[in-house]
Amino acid sequence: MLASKHYLSLVDIVIIAMMASLGIAIKTIIIPLVQIITGPLFIPGGVVAGGFYMLFLVLGRSITGQHGTATLIALVQAVLVTTTGVLGSHGAVSIITYTLPGIAADLVFLIGGSKTGNAPVYFIAGLAANMVGSYAVNLAIFNLSFVPMMLSLCAAALSGGIGGLVAGSLAQKIRKLGILNRTR
């Protein structure tokens, strides 16, 4: 039997739980504030606010260094919002709309690598997560027409990319502080 070097430690599991919880908590605060601006433009508030809460997918993946971490964070978030019915819950479809951004972020890290300080990968991971999430919610719930959809995806790309950069910067600061002595 071959032993795998890729496993989740207890610290990784705690980080996944923390990132999922923080992402849900920040969402309930940020979305109503952002909707003040995006509502008159017929753009769902989650599109712009997504950069704030998608950064936790990228941050968790960056801290643990484990493949699949963003997907696990997103899956935990999906289960939380589905079972509790908090803001952003679209019922059972939330399992899909929440998990797809995590998969997108993990794919970017898989293709782009996960070297410390790789700002373009962090940017693209956040961008991909938010765009995929926004598109999935549009297909499942909003069904926006072409022009608002394109505006939404552009806003999602910018917001998600900035969130990814913030996540990368936070991960570097956490490493420099020596809070998590990771060898991966």
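Laboratory data are not the source of any read-out in this text; all were calculated from the coordinates shown. Worth saying up front: this structure is predicted, and the values here are computed from it rather than measured. A quick note on method: Cβ atoms are made from the backbone with ideal geometry, for glycine too, and the neighbour counts reach across all protein chains shown.
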For residues that are among the aliphatic types (A, V, I, L, M) and farther than 12 Å from Pro44 by Cβ, scanning just the stretch 141-168, find the one that is farthest from the chain's Cα centre (by Cα).
Val147
Do we find a residue being more than 30 Å from Ile179 (Cβ to Cβ), in a loop (DSSP other than H, G, I, E, B) and in contact with a helix residue (DSSP H, G or I) (Cβ under 7 Å, 6 or more places away or on another chain) anywhere in the stretch 44-51?
yes
Residue count, the stretch 131-152 (criterion: in a helix (DSSP H, G or I) and either in contact (Cβ under 8 Å) with a residue 60 or more places away in the chain or of a type in the set (Gly, Ala, Ser) (or both)):
10
Verdict on Val81 being among the β-branched types (Val, Ile, Thr), part of a loop (DSSP other than H, G, I, E, B) and touching a residue at least 12 places away in the same chain (Cβ under 8 Å)
no
Tally up the residues in the stretch 129-156 that are more than 18 Å from Gly39 (Cα to Cα) and among the aliphatic types (A, V, I, L, M), please.
6
Look through Ala129, Ala157 and report the one residue that is out of contact with any Pro (no Cβ under 9 Å at 6 or more places or on another chain), buried (at least 16 other Cβ atoms within 10 Å of the Cβ) and under 18 Å from Ala70 (Cβ atoms).
Ala157
Could you tell me which numbered condition Gln66 fails, if it satisfies all but one of (1) surrounded by 16 or more Cβ atoms within 10 Å (Cβ to Cβ); (2) in a helix (DSSP H, G or I)?
(2)
Output the residues belonging to the stretch 23-43 that are assigned to a helix (DSSP H, G or I) and either surrounded by 17 or more Cβ atoms within 10 Å (Cβ to Cβ) or touching a strand residue (DSSP E or B) at 6+ places or on another chain (Cβ under 8 Å) (or both).
Gly23, Ile24, Lys27, Ile30, Ile31, Val34, Thr38
